[in-house]
Amino acid sequence: MKRLRKQLFPAIPYIYRQYRTKSVWRLCTVLPTIFCGKESRNRLQTNRFEERRLKISMEQKHRTSVTLSTSPRKLTLPGKKLAVCLCILPFLTRSLTVEIPQSVRSAYFLGDGGYSDFEQLFREFFLLGIAAAGVIWFFYEQIALRPKRKLPMTRLTAVVFILLGLYLLLGLLSTITSEYATESWLGIYMLYEGYLALVGYVVVFAAAWYWIDRKEVLDFVKSCLTVLSIVLGVLALLERSGICYYNSAIVQFLGGLQGTVGVGDAVSLTFGNADYLGMYCAMLLPVVVSLITREGTTKRLLVQILAAVLLATALLLSKVMNAILLGFGLTVVFLLIWAFHTNWKPIVKGCLCGVTAAAVVFGSVGFLWSRNGDTLSEKFRHTMIGMAQEETFRILSVDLNGNTVSVKNANTTFSVATAGNNLTPQELTFTCNGTEVTPQIDADGMTCSFAEPELKHCQVQVQSDRLDFLMGYATPLEVVRQDGSWLALSVGQTPLTEVPEVSSSKSLQQCYPYLNGRVFVWANTISALRDCWILGHGPATTIFYLNQYDLPALLNIFGVYALYNKPHNWYLQVAQDTGIPSMLLILGVLVLFFVCGFRKCFGKQEKWDAFRTGLLLSVLSYALMAFFNDSLIYHAPMFWFLLGIGWRQMTVGTEE
């Protein structure tokens with residue numbers, strides 16, 4: 001018994017350890033040797049050691065030799081460079097002389113002179129350079145660098161890339177089959193966002209998802225966004241005070257610019273239009289506010305607060321109502337979410353929500369009360385109509401029928417008829433709602449006015465071969481007499497035998513001026529989708545297919561004849577350019593992002609993260625503003641960059 005205890009007790013820890021690790025085979029081989037003496041146990045351990053050494057030797061023979069990356073900086077370099085390039089892209093400028101095809105000249109009614117572009121084309125080339133460099137570096141990493149970077153591919157991520165791949169494939173087919181295939185690759189004058197730019201956007205998304213993978217890179221991206229916000233705010237304040245970015249000596253020299261750029265009532269900076277600056281700032285505001293944290297130094301906290309304040313200032317100076325409402329609205333939502341994740345008492349959180357709701361209500365009422373109009377409905381109508389043509393005839397249609405010209409609004413039909421080609425006030429017949437009326441001829445013998453209340457905004461100037469209908473707009477409605485018939489002069493003095501209507505619905509026509517004419521251009525774009533809903537007409541070809549000759553609509557919106565070269569709606573833009581299936585693919589990507597985002601940010605088992613929530617609300621802000629604005633080279637690259645970072649954060653996160 002003593003010998004048994006002497007041999008068994010030292011082996012008990014080993015037996016227990018093998019039992020815990022479930023090494024049944026080893027336990028069975030060890031038990032018989034416990035009673036065989038110390039020599040047998042030592043021999044067994046020696047055999048195991050030899051087996052382990054042989055196994056390691058065989059693995060080393062089959063393993064290929066690798067050279068580790070000499071510098072960890074190579075793993076963080078692409079993500080940092082990508083962030084810097086996309087932050088400076090909106091400020092790049094270089095005057096480039098462009099060769100404009102005859103089809104584009106005809107669409108824009110341009111002459112034969114030379115034209116240059118100093119904003120969009122150079123930035124598109126820069127975007128393509130970023131995309132090309134990203135693809136080259138990716139293959140360089142895969143071939144030369146060791147260890148290879150982890151590819152954080154999940155099932156949802158694979159689905160997203162399949163959707164984007166199909167989107168690019170449909171875009172390629174649309175470009176190849178387009179009637180304007182040559183123009184669709186890079187885009188056209190004043191709309192340089194062709195198929196290659198769409199490829200660049202997807203590459204930026206993939207690069208941000210792939211390379212913003214470490215905390216060090218993510219912190220650098222946050223610093224870049226902070227600096228970008230400060231620059232935007234400072235430049236907006238300078239432009240507001242009369243100092244334009246493009247007019248500075250160094251920008252003029254580096255960009256090869258000639259002349260100066262005027263300063264308007266609303267700040268637009270380098271975005272071509274105040275709408276695009278407002279969209280850019282509203283997209284950035286939630287994520288920049290989410291950077292305000294006490295984790296760093298006090299100096300860093302103050303800089304982050306300053307960046308958010310300056311960015312909000314730039315947004316306000318743009319004076320774009322939809323961007324201001326969405327940008328500040330979603331930022332307030334973020335602040336409320338942040339407050340509920342603090343350790344404040346419930347009564348404090350309740351008071352904060354009450355104060356916020358009261359501020360929103362009183363602010364909305366105050367804004368509405370400041371609008372023109374006597375009744376609430378009139379004030380609301382003036383809010384929805386950006387350029388109201390109130391003191392006008394409100395033309396709905398123009399009919400050219402033989403010897404008669406008829407101009408109609410909702411309640412009145414005013415007609416002018418002639419029996420021959422000799423046009424004088426005395427030989428013309430004027431009727432209002434079928435009843436002949438007598439004109440009051442001015443002293444010049446050419447201008448006819450009318451006493452009827454229905455025609456108080458209507459005058460007719462009679463010339464030898466034409467009539468000018470003065471209906472209260474800045475531009476008169478001109479009709480000429482030619483070969484025994486009437487022709488209406490439209491944009492670019494183009495003669496029309498009939499004035500085409502986008503829609504025959506009178507109720508829809510009366511809504512055309514709403515949202516600064518966006519209702520009209522949306523209806524115009526939808527009417528152009530009938531023959532292109534599968535593959536579209538080709539990227540950047542909207543101007544060739546929109547109805548530019550609905551003269552009553554243009555006069556009611558602007559008071560002058562204006563050209564539309566884009567739909568003012570990103571989703572309709574995608575449908576027109578590359579087809580309705582492409583639009584559904586983009587919507588699918590956004591839906592997947594928001595589903596994953598809301599689960600990650602507000603799921604019960606997930607830890608709340610301020611930056612992740614800020615990214616979600618920034619992408620949501622852009623997606624909502626896309627209903628009122630187009631995708632352009634000014635702001636779209638930053639959106640795809642944030643979308644890529646956001647998708648990484650919503651799926652696998654970043655490494656330390």
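The values are calculated or read from the model by the stated rules, or taken from the named source; none is laboratory data. All values reported here derive from a predicted model rather than from experimental measurement. Reconstructed Cβ throughout: ideal geometry from the backbone, glycine too, with neighbour counts over all protein chains shown. Accessible surface is based on the protein model in full, side chains and every heavy atom, while ligands, DNA and RNA are left aside. Shrake-Rupley method; radii C 1.70, N 1.55, O 1.52, S 1.80 Å.
Just to be sure before I move on: is L487 out of contact with any Gly (no Cβ under 9 Å at 6 or more places or on another chain) and touching a residue at least 60 places away in the same chain (Cβ under 8 Å) in the structure I sent?
yes
If you scan segment 184-197, which residues turn out to be assigned to a helix (DSSP H, G or I) and buried (at least 24 other Cβ atoms within 10 Å of the Cβ)?
S184, Y195, A197
Which of (1) of a type outside the set (G, A, S); (2) part of a loop (DSSP other than H, G, I, E, B); (3) within 30 Å of Q252 (Cα to Cα) does L128 not meet, given it meets every other one?
(2)
May I ask you to list the residues in segment 109-124 that are part of a helix (DSSP H, G or I) and either polar (S, T, N, Q) or surrounded by fewer than 18 Cβ atoms within 10 Å (Cβ to Cβ) (or both)?
Matches in segment 109-124: Q120 only.
Tally the residues that are over 22 Å from W570 (Cβ atoms), among the charged types (D, E, K, R) and in a helix (DSSP H, G or I), restricting the search to segment 491-528.
Matching residues across segment 491-528 total 1.
Please count how many residues of segment 312-333 are buried (at least 21 other Cβ atoms within 10 Å of the Cβ) and part of a helix (DSSP H, G or I).
Number satisfying all stated conditions: 10.
Select from segment 447-484 the residues that are in contact (Cβ under 8 Å) with a residue 40 or more places away in the chain and small (G, A, S) and write down the one among them that is surrounded by the most Cβ atoms within 10 Å (Cβ to Cβ).
G472
State all residues of segment 139-176 that are of a type in the set (F, W, Y) and open to solvent by less than 70 Å² (accessible area, probe 1.4 Å); if no residue qualifies, say none.
F161, Y167
When only residues in segment 420-461 that are farther than 18 Å from K408 by Cα and out of contact with any strand residue (DSSP E or B) (no Cβ under 8 Å at 6 or more places or on another chain) count, which is modelled with the highest pLDDT?
That would be Q426.
Looking at (1) free of Cβ contacts under 8 Å to residues at least 40 places away in the same chain; (2) open to solvent by 20 Å² or more (accessible area, probe 1.4 Å); (3) part of a helix (DSSP H, G or I), which one does D531 not meet, given that it meets all the others?
The one condition D531 does not meet is (3).
Among the listed residues T270, T260, which satisfies the condition of being of a type in the set (S, T, N, Q), open to solvent by 20 Å² or more (accessible area, probe 1.4 Å) and in contact with a helix residue (DSSP H, G or I) (Cβ under 6 Å, 6 or more places away or on another chain)?
T260
Within segment 602-614, can you find the residues that are within 15 Å of R648 (Cα to Cα) and in contact with a Cys (Cβ under 9 Å, 6 or more places away or on another chain)?
D609, R612, T613
V309 - would you say it is open to solvent by 40 Å² or more (accessible area, probe 1.4 Å), in contact with a Gly (Cβ under 9 Å, 6 or more places away or on another chain), assigned to a helix (DSSP H, G or I) and not aromatic (F, W, Y)?
yes
What residue, of T297, T293, T260, is closer than 27 Å to L92 by Cα, at pLDDT below 90, out of contact with any strand residue (DSSP E or B) (no Cβ under 9 Å at 6 or more places or on another chain) and not acidic (D, E)?
T260
Residues are listed down the side, and each one gets a yes or a no for (1) among the acidic types (D, E); (2) in contact with a Pro (Cβ under 9 Å, 6 or more places away or on another chain); (3) under 30 Å from F109 (Cβ atoms); (4) surrounded by fewer than 22 Cβ atoms within 10 Å (Cβ to Cβ):
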position	(1), (2), (3), (4)
I543	no, no, yes, yes
P552	no, no, yes, no
L572	no, no, yes, no
D577	yes, yes, yes, no
G588	no, no, no, yes
F594	no, no, no, yes
K604	no, no, no, yes
A610	no, no, no, yes
M650	no, no, no, no
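For segment 560-655, which helices (runs of 4 or more DSSP H) that fit wholly inside it have 3 or more residues that are without any contact (Cβ under 8 Å) to a residue 12 or more places away in the chain?
The qualifying helices (runs of 4 or more DSSP H) are 580-602.
Determine which single condition G114 fails, assuming it passes every other condition in (1) closer than 29 Å to L277 by Cβ; (2) at pLDDT 90 or above.
Every listed condition holds for G114 apart from (2).
Working only within segment 500-528, note down all residues that are surrounded by 18 or more Cβ atoms within 10 Å (Cβ to Cβ) and in contact with an Asp or Glu (Cβ under 7 Å, 6 or more places away or on another chain).
Across segment 500-528, the qualifying residues are E501, V502.
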